[in-house]
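In what follows, a structure is listed as structure tokens, so that the remarks can point back to it.
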Amino acid sequence: MPRDRIRPARTLRSPGALADAGLLPDDGRLPALEAVARRFAVAVTPAVAELVDPTDPADPVARQFLPDPAELETRPEELADPIGDAPFSPVKGIVHRYRDRVLLKPVHTCPVYCRFCFRREMVGPGAETLDGADLDAALDYIAARPEIWEVILTGGDPLILSPRRLAEIVARLDAIPHVGIVRLHSRVPVVDPERVTAELVAALRGRRLTTWVMLHANHWKELTEEARAAIARLVDAGIPMLSQSVLLKGVNDDVETLARTFRALVAARVKPHYLHQGDLAKGTAHFRTTVAEGQALMRALRGDVSGLCQPTYVLDIPGGHGKVPLTPTHAEPDGAGGWTVTDPRGGRHPYRG
Ligand SMILES: *Cc1c(COP(=O)(O)O)cnc(C)c1O
Ligand code: SF4
């Protein structure tokens with residue numbers, strides 16, 4: 001390690017606390033950062049603080065978690081609800097956009113707040129948590145619809161809940177016969193690995209249904225020894241893991257970083273599943289790449305990097321129209337009933353079929 005790492009005793013929740021911990025350069029930006037923090041929640045866990053290198057202005061961990069004055073700049077195309085959850089929320093805490101699966105959001109807090117978060121207007125310390133009656137109504141909604149095969153616990157970050165609360169939710173879903181899968185979307189194994197205790201892992205497993213965990217991780221630096229140990233506790237318990245990453249300018253928008261990140265995930269037994277085009281959340285333009293850049297990166301990964309390390313590049317269409325692949329096309333009709341197929345090196349080949 002290039003320097004002594006800073007590991008604060010607890011989560012840092014304000015620009016002042018970040019500055020006191022030595023994580024912010026002393027460059028007079030504090031008032032602007034305080035204005036950012038009044039608009040969007042700030043939290044940096046001890047594990048993340050320890051990863052930040054304050055001497056590196058391009059540090060990919062700092063860029064993801066430390067507030068930046070650029071967040072106060074919003075663009076006309078940016079939206080408060082960029083992926084359109086609200087129109088598909090029939091009861092509090094449920095988003096039902098696709099027939100066979102629903103999101104269930106029991107909590108709207110997270111152990112860290114990502115500066116590019118797509119739900120940044122909905123998450124934070126003051127945000128709503130489902131109370132007992134709300135949770136009953138959400139579970140009734142699921143129980144009344146036999147087409148719902150999968151329930152995705154998200155938020156916020158559901159692994160911020162206590163093992164007792166998680167065990168209760170999983171047990172109640174387990175009691176609904178048509179629910180076959182519970183999937184948890186979480187950043188906890190990388191940003192707060194010590195939360196992944198044996199008790200928490202046990203709480204996630206149903207008697208009957210199958211539990212999957214989808215990890216949000218964007219850079220190989222996040223996969224520390226502690227994070228890999230937390231992931232191993234989940235996978236060793238028989239919980240398969242996938243990952244989703246967000247394509248972020250200045251964090252992972254180059255082929256070497258993506259390849260190293262996906263390889264680190266696969267080595268940790270996490271299958272890279274989605275690479276998201278950055279959503280149009282407010283104050284996040286400094287993180288967004290173009291679709292053309294994303295497609296060029298996916299083309300460059302294909303061929304030279306193992307197929308295990310190839311997530312699907314996806315866009316959540318603004319307005320709630322759903323997720324669709326932005327995969328670069330490798331086959332075009334040749335106009336004579338066949339296809340012209342482009343190989344990973346750019347060579348073009350006729351294909352009949
Ligand atoms: C992203 C999302 C899902 C999950 O989609 P998958 O393609 O199955 O990962 C489910 N419901 C909603 C509302 C979503 O936004
Ligand atoms: S963990 Fe997810 S929900 Fe929480 S701030 Fe990050 S992107 Fe948003």
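The values are calculated or read from the model by the stated rules, or taken from the named source; none is laboratory data. These numbers were taken from a predicted model, which means no experiment stands behind them. Cβ atoms come from the backbone with ideal geometry, glycine included; neighbour counts cover every protein chain shown. What goes into the accessible areas is simple: the full protein's heavy atoms, side chains included, and nothing from ligands, DNA or RNA. Shrake-Rupley method; radii C 1.70, N 1.55, O 1.52, S 1.80 Å.
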Every listed condition ((1) surrounded by fewer than 22 Cβ atoms within 10 Å (Cβ to Cβ); (2) in contact (Cβ under 8 Å) with a residue 60 or more places away in the chain) holds for residue 287 save (1)
Out of (1) touching a strand residue (DSSP E or B) at 6+ places or on another chain (Cβ under 8 Å); (2) more than 16 Å from ligand 2 (Cβ to nearest atom), the one residue 213 does not meet is (2)
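Check 279, 254 and return the single one that is of a type in the set (D, E, K, R) and away from ligand 1 (no atom under 16 Å from the Cβ).
Working: 279 fails: away from ligand 1 (no atom under 16 Å from the Cβ).
Result: 254 is the single residue among 279, 254 that is of a type in the set (D, E, K, R) and away from ligand 1 (no atom under 16 Å from the Cβ).
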So is residue 302 in contact with a helix residue (DSSP H, G or I) (Cβ under 7 Å, 6 or more places away or on another chain) and farther than 22 Å from residue 122 by Cα or not? no
Would you call residue 224 of a type in the set (Ser, Thr, Tyr), closer than 29 Å to residue 211 by Cβ and either within 16 Å of ligand 2 (Cβ to nearest atom) or open to solvent by less than 50 Å² (accessible area, probe 1.4 Å) (or both)?
yes
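Select from segment 152-172 the residues that are under 20 Å from the mean Cα position of the chain (by Cα) and open to solvent by less than 40 Å² (accessible area, probe 1.4 Å) and list them in ascending order.
Let us first name the residues in segment 152-172 that are under 20 Å from the mean Cα position of the chain (by Cα), namely 152-161, 166.
Within segment 152-172, 152, 153, 154, 155, 156, 157, 158, 159, 161, 166 meet the criteria.
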Within segment 131-151, the residues that are under 28 Å from residue 190 (Cα atoms) and open to solvent by less than 10 Å² (accessible area, probe 1.4 Å) are 135, 151
When residue 263 is run through (1) within 14 Å of residue 217 (Cα to Cα); (2) of a type in the set (Lys, Arg); (3) within 16 Å of ligand 2 (Cβ to nearest atom), the failure sits at (3)
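Tally the residues that are part of a loop (DSSP other than H, G, I, E, B) and either near ligand 2 (Cβ under 9 Å from one of its atoms) or surrounded by 22 or more Cβ atoms within 10 Å (Cβ to Cβ) (or both), restricting the search to segment 94-126. First the steps, then the outcome.
In the first step, residues of segment 94-126 are kept if they are part of a loop (DSSP other than H, G, I, E, B); the result is 99-100, 105-126.
Next cut, either near ligand 2 (Cβ under 9 Å from one of its atoms) or surrounded by 22 or more Cβ atoms within 10 Å (Cβ to Cβ) (or both) only: 105, 108-120, 122-124.
Here the count works out to 17.
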- Task: Evaluate segment 76-87: report whether one residue or more is open to solvent by less than 50 Å² (accessible area, probe 1.4 Å), at pLDDT 95 or above and more than 21 Å from residue 155 (Cβ to Cβ).
- Result: yes
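Tell me yes or no: at least one residue of segment 131-149 is more than 16 Å from ligand 2 (Cβ to nearest atom), of a type outside the set (S, T, N, Q) and under 20 Å from the mean Cα position of the chain (by Cα).
Taking segment 131-149 as the starting set, the residues that turn out to be more than 16 Å from ligand 2 (Cβ to nearest atom) are 131-149.
Now restrict to residues that are of a type outside the set (S, T, N, Q): 131-149.
Then drop every residue that is not under 20 Å from the mean Cα position of the chain (by Cα), which leaves none.
Within segment 131-149 (the criterion being more than 16 Å from ligand 2 (Cβ to nearest atom), of a type outside the set (S, T, N, Q) and under 20 Å from the mean Cα position of the chain (by Cα)), the answer is no, since none of the residues qualifies.
Per-residue answers, yes or no, for (1) away from ligand 1 (no atom under 12 Å from the Cβ); (2) touching a Pro at 6+ places or on another chain (Cβ under 8 Å); (3) small (Gly, Ala, Ser):
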| site | (1), (2), (3) |
| --- | --- |
| 75 | yes, no, no |
| 93 | yes, yes, yes |
| 100 | no, no, no |
| 121 | yes, no, no |
| 127 | yes, no, yes |
| 133 | yes, no, yes |
| 140 | yes, no, no |
| 146 | yes, no, no |
Flagged pairs (Cβ under 6 angstrom, 6 or more apart or on separate chains; first in segment 96-108, within 13 Å of residue 130 (Cα to Cα); second among the polar types (S, T, N, Q) and more than 10 Å from ligand 1 (Cβ to nearest atom)) are 107/129
Those residues of segment 227-251 that are surrounded by fewer than 22 Cβ atoms within 10 Å (Cβ to Cβ), among the hydrophobic types (A, V, I, L, M, F, W, C) and either within 16 Å of ligand 1 (Cβ to nearest atom) or not in a helix (DSSP H, G or I) (or both) come to a total of 4
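Restricted to segment 48-59, and to residues that are assigned to a helix (DSSP H, G or I) and open to solvent by less than 10 Å² (accessible area, probe 1.4 Å), which residue is nearest to residue 23 (Cα to Cα)?
Taking segment 48-59 first, the residues assigned to a helix (DSSP H, G or I) are 48-51.
Retained after the next criterion (residues that are open to solvent by less than 10 Å² (accessible area, probe 1.4 Å)): 48-49.
Details: 48: 11, 49: 7 Å.
Among them, the one singled out is 49.
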Quiz item: Would a scan of segment 324-344 turn up a residue that is open to solvent by less than 50 Å² (accessible area, probe 1.4 Å), of a type in the set (Gly, Ala, Ser), modelled with pLDDT of 95 or more and closer than 30 Å to residue 86 by Cα?
Solution: no
Within segment 185-222, the residues that are under 25 Å from residue 119 (Cα atoms), touching a Ser or Thr at 6+ places or on another chain (Cβ under 8 Å) and assigned to a loop (DSSP other than H, G, I, E, B) are 192, 217, 218, 219
Picked from segment 60-75 (must be part of a helix (DSSP H, G or I) and of a type in the set (D, E, K, R)), the residue least open to solvent (accessible area, probe 1.4 Å) is 71
Flag if residue 212 is closer than 30 Å to residue 65 by Cα, surrounded by fewer than 22 Cβ atoms within 10 Å (Cβ to Cβ) and assigned by TED's automatic domain parsing to the domain that holds residue 125:
yes
